[in-house]
Amino acid sequence: MFDFNICNKENCNAFVALDSKFCYRHSENKDELLKKMFTILETQEIIRDITFSHAEFENISTKQKRFSSSNFSWCTFRNIDFSSSKFTTCFFDFCLFDKCKFTDTDIRYSVFSGSKILTCDFSNSLLIHNNFSGIDAWYCDFSGSDLYFTTFCSSCLRDVSFEDCNLKKADFRETEQRRLNFRYSNYEDASK
Amino acid sequence: MRIYQHFSVVGFCNTYIVGEKKGGQAILIDPGHVDNELIGIIEKNNFIISTILLTHRHEAHTGGVSTILKLYKPKIYAYTKKVYEFEVTEVADGATIICGGIPVEVIHLPGHSVDSLVYKIGHTLFTGDTLMATRIGSTPGFMERSLLIKIIKRKLLNFDDNILVFPGHGAPTKIKNERLFNSDLTEETVSPWLRNQIRLERNNRF
């Protein structure tokens with residue numbers, strides 16, 4: 001699991017970024033930390049036990065990587081290609097995902113709660129035991145995915161496709177739904 | 001510290017293994033069912049199960065204890081003296097126990113069952129069936145449900161926003177997410193009429 005050390009800045013309860021004593025937001029050498037994080041994302045196959053919150057990532061490809069036990073809360077991801085990657089126990093809560101590609105991914109026990117997810121593609125993925133509660137999703141595609149035990153509770157879903165998905169034990173309670181597509185999916189097996 | 005999750009198709013329960021990176025003594029939380037995958041995680045990481053923590057006595061969370069006892073010699077902790085045929089070390093609310101060098105705080109939260117416990121290890125809470133992502137545990141009646149909601153708000157939602165929550169069923173979460181999006185916990189503070197008004201207003205906006 002990532003490091004649970006708290007930022008040294010007074011009244012800040014965020015976890016420290018990488019090996020720093022501060023979170024990314026309160027770090028004095030933000031550029032250096034970000035550079036270090038980019039190097040990790042680009043060179044390492046396995047990204048494990050990393051905390052890096054409140055940062056912005058744009059136009060990078062992290063295809064076929066393995067992310068595990070990491071925390072990227074409050075980050076912004078624009079035009080990132082995560083396709084064919086594997087995520088286990090990763091925290092992406094309150095993030096902004098814009099035009100990101102998650103096709104053919106295997107995401108388990110991960111948290112996307114409170115995130116804004118715009119024009120993202122999660123199609124043909126294994127999305128088991130994930131927490132998408134309170135998300136704001138626009139023009140997203142989850143088609144052909146297994147969403148077993150994944151919760152979308154209290155979310156706002158607009159123009160989202162769930163075509164041919166496994167929705168067994170998925171949770172759509174308290175969701176705001178507009179123009180959703182559940183064709184060929186077992187929506188009747190989900191909680192609503 | 002490393003936390004490994006295992007999903008059991010028997011009882012649909014999450015089992016957690018907590019240990020150090022280098023292996024050695026480890027804690028097993030709610031062994032609902034033991035299969036090759038769970039043993040594989042334990043052995044691959046060179047763990048020796050020295051402690052079993054039970055969040056409550058329901059079969060889905062205790063079914064694998066007998067198998068673990070055949071393989072390891074763990075000390076079992078729970079709220080009651082005996083869980084089925086197993087001898088258990090009783091723990092009370094507010095106690096801190098040291099399991100293989102790892103301090104574990106015990107929080108008693110009755111509601112789902114009388115013996116429901118939550119274990120706090122570092123910045124993580126293992127909540128069993130008391131608090132799950134966007135849900136609270138089932139209760140035998142409305143009285144118990146009301147009690148459970150009150151006690152979760154008093155004892156768990158006061159924790160820091162970034163505390164991680166690993167429930168007995170379903171996806172992990174954080175305290176902040178539950179405070180904002182758990183409809184079971186927010187329904188008491190917002191009246192059904194107001195909820196409906198908010199929904200109508202949001203729908204009109206789009």
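Only counting other Cβ atoms within 10 Å, I'd like A:ASP141, A:ASP81 sorted with the fewest neighbours first.
Values: A:ASP141 20, A:ASP81 17.
Arranged by neighbour count, lowest to highest, A:ASP141, A:ASP81 become A:ASP81, A:ASP141.
So if I place +1 on the C-beta of Lys and Arg and -1 on the C-beta of Asp and Glu, and nothing else carries charge, what would the dipole magnitude of the protein assembly as shown be about its Cα centre? I want it in debye, nearest 20.
Working: 48 positive and 49 negative charges, 73 e Å.
I would put it at about 360 debye.
Can you give the relative contact order of chain A as a percent, counting alpha carbon pairs under 8 Å and 6+ residues apart? Before the final figure, lay out each step's value.
Numbers: 614 pairs, mean separation 20.6, N = 192.
Computed value for chain A: 11 percent relative contact order.
Once amide H atoms are built 1.01 Å from N in the peptide plane, which residues 5 or more positions from B:GLY24, or in another chain, come under 5 Å H to H?
B:PHE47, B:ILE48
Is there a simple number for the mean count of other chain Cβ atoms within 10 Å of the Cβ of residues in A:82-90, and what is it?
Values: counts 0, 0, 0, 0, 0, 0, 2, 7, 1.
For peptide A:82-90, the averaged partner shielding equals 1.
Build a GNM of chain B with springs between Cα atoms under 10 Å: which of B:ASN36, B:ASN162, B:ASN46 gets the top mean-square fluctuation?
Result: B:ASN36 has the largest fluctuation of those listed.
Rounded to the nearest 500, what is the 222 nm mean residue ellipticity of chain A from helices alone, with -39500 (n - 2.57) per DSSP H run of 4+ residues and division by all residues? Mind dumping the intermediate values first?
Details: 1 runs with 14 residues, N = 192.
Helices in chain A give a 222 nm mean residue ellipticity of -2500 deg cm²/dmol.
Once amide H atoms are placed 1.01 Å from N in the peptide plane, what residues at a sequence separation of 5 or more from B:THR139, or on another chain, have their amide H within under 5 Å of its amide H?
Residues meeting the criterion, in which the H sits 1.01 Å from N, do not exist here.
How big is the Kirkwood radius of segment B:2-205, worked out from every pair of different alpha carbons and given in Å to one decimal? Don't jump to the answer; show the numbers that get you there.
Numbers: mean 1/r = 0.0568 Å⁻¹.
Evaluated over segment B:2-205, this radius sits at 17.6 Å.
On full extension of the chain, what length is gained from A:GLU28 through A:GLU58, given 0.36 nm per residue of separation minus the C-alpha to C-alpha distance?
8.6 nm
For segment A:1-69 and segment B:104-175, write down the distance between their C-alpha centroids in whole Å.
Comparing the Cα centres of segment A:1-69 and segment B:104-175, I get a distance of 29 Å.
Quick check on chain B: helices-only [θ] at 222 nm, where DSSP H runs of length 4 and up contribute -39,500 (n - 2.57) each and the sum goes over total residues. Nearest 500, please. Mind dumping the intermediate values first?
On the way: 7 runs with 59 residues, N = 206.
My calculation for chain B gives -8000 deg cm²/dmol from helical runs alone.
Give me A:CYS23, A:CYS12 ranked fewest to most by other Cβ atoms within 10 Å of their Cβ, as a rough exposure proxy.
Lowest to highest Cβ neighbour count: A:CYS12, A:CYS23.
Among the GluC sites (Glu not before Pro) within segment A:1-79, which fall in a DSSP loop and have no more than 12 other Cβ atoms within 10 Å of their own Cβ? Working shown, then result.
Values: sites: A:GLU10, A:GLU28, A:GLU32, A:GLU42, A:GLU45, A:GLU56, A:GLU58; in loops: A:GLU10, A:GLU28, A:GLU45.
Those satisfying the criteria are A:GLU10, A:GLU28, A:GLU45.
Grab the Cα-Cα distance for B:LYS70 and B:GLU43, subtract it from 0.36 nm times how many residues apart they are, and report the gain in nm with one decimal. Show your work: numbers first, answer last.
Working: separation 27, 0.36 × 27 = 9.72 nm, distance 1.49 nm.
Extending this stretch completely gives an extra 8.2 nm.
Compute log10 of I(q)/I(0) for the protein assembly as shown with the Debye formula, placing one identical point scatterer on every Cα and leaving out solvent, at q = 0.08 Å⁻¹, to two decimals.
Log10 of I(q)/I(0), two decimals: -0.42.
In chain A, if every C-alpha pair distance is counted and binned at 10 Å from zero, what percent goes to each bin?
10, 38, 32, 16, 4, 0
Mind jotting down the distance between the C-alpha centroids of segment A:152-166 and segment B:16-38, whole Å?
Measuring centre to centre over Cα atoms gives 34 Å.
Out of residues 5 or more away from B:VAL83 or on other chains, whose amide H comes under 5 Å of its own, with H placed 1.01 Å from N in the peptide plane?
Long-range HN contacts for B:VAL83: B:VAL88.
Can you give the Rg/Rh ratio of segment A:107-192, where Rg is from the C-alpha atoms and Rh is the Kirkwood radius?
Working: Rg = 10.9 Å, Rh = 12.1 Å.
Result: Rg/Rh = 0.90.
Within segment B:58-90, which residues have the backbone N less than 13 Å from the label spot 7 Å out from B:VAL114 along Cα→beta-carbon, could you tell me?
From segment B:58-90, the list is B:79-82.
Quick one: putting +1 on the C-beta of Lys and Arg, -1 on the C-beta of Asp and Glu, what dipole do you get for segment A:1-90 around its Cα centre, in Debye to the nearest 20?
On the way: 12 positive and 12 negative charges, 44 e Å.
Computed about the Cα centre, the dipole is about 220 debye.
Filter A:LYS63/B:LYS120; B:LYS21/B:LYS81; B:LYS22/B:LYS75; B:LYS81/B:LYS120 down to the pairs with a C-alpha to C-alpha distance above 28 Å, please. Before the final figure, lay out each step's value.
On the way: A:LYS63/B:LYS120 35 Å; B:LYS21/B:LYS81 32 Å; B:LYS22/B:LYS75 21 Å; B:LYS81/B:LYS120 21 Å.
Too far apart for the 28 Å limit: A:LYS63/B:LYS120; B:LYS21/B:LYS81.
With charges set only on the Cβ (+1 for Lys and Arg, -1 for Asp and Glu), what does the dipole of chain A come to about its Cα centre, in debye to the nearest 20? All intermediate terms of the calculation are to be shown ahead of the outcome.
Details: 24 positive and 28 negative charges, 16 e Å.
The calculated dipole for chain A is roughly 80 debye.
Under the Karplus relation 6.51 cos²θ - 1.76 cosθ + 1.60, θ = phi - 60°, what is the ordered set of whole-Hz ³J(HN,Hα) values for segment B:134-145, x standing for Gly and Pro?
Once rounded to whole Hz, the list reads 6, 9, 10, x, 5, 10, x, x, 5, 4, 5, 5.
Among DSSP beta bridges whose residues both lie in segment A:1-145, state the antiparallel percentage, nearest 5. Present the calculation step by step, with values, prior to reporting the outcome.
Numbers: 1 of 33 bridges.
Bridges in segment A:1-145 are about 5 percent antiparallel.
Just to check I understand the Karplus step: with θ = phi - 60° and J = 6.51 cos²θ - 1.76 cosθ + 1.60, what whole-Hz values come out for segment A:21-35, glycine and proline as x?
Calculated HN-Hα couplings, in order: 9, 10, 6, 4, 4, 9, 6, 6, 10, 4, 4, 5, 5, 5, 4 Hz.
Roughly how crowded by other chains is peptide B:176-184, in terms of the mean Cβ count from those chains within 10 Å of each of its Cβ atoms? Can you show the working numbers first?
Values: counts 6, 11, 2, 0, 6, 12, 5, 6, 3.
Per residue, the average neighbour count from other chains is 6.
Identify, among A:CYS95, B:LEU28, A:ILE107, the residue whose Cα sits farthest towards the positive end of the charge dipole of the protein assembly as shown, taking +1 on the Cβ of Lys and Arg and -1 on the Cβ of Asp and Glu, with the dipole about the Cα centre.
Checked the options; the winner is A:CYS95.
Under 19 Å Cα to Cα from A:LYS168, which aspartates and glutamates show up? Leave out anything in the same chain fewer than 8 places away.
List returned: A:ASP106, A:ASP141, A:ASP146, A:GLU188, A:ASP189.
Readers should treat all values here as calculations from the given coordinates under stated rules, not as data from a laboratory. Here the structure is a predicted model, which means the values were calculated and not measured. With ideal geometry, Cβ positions are generated from the backbone for all residues, glycine too; neighbour counts draw on all protein chains shown.
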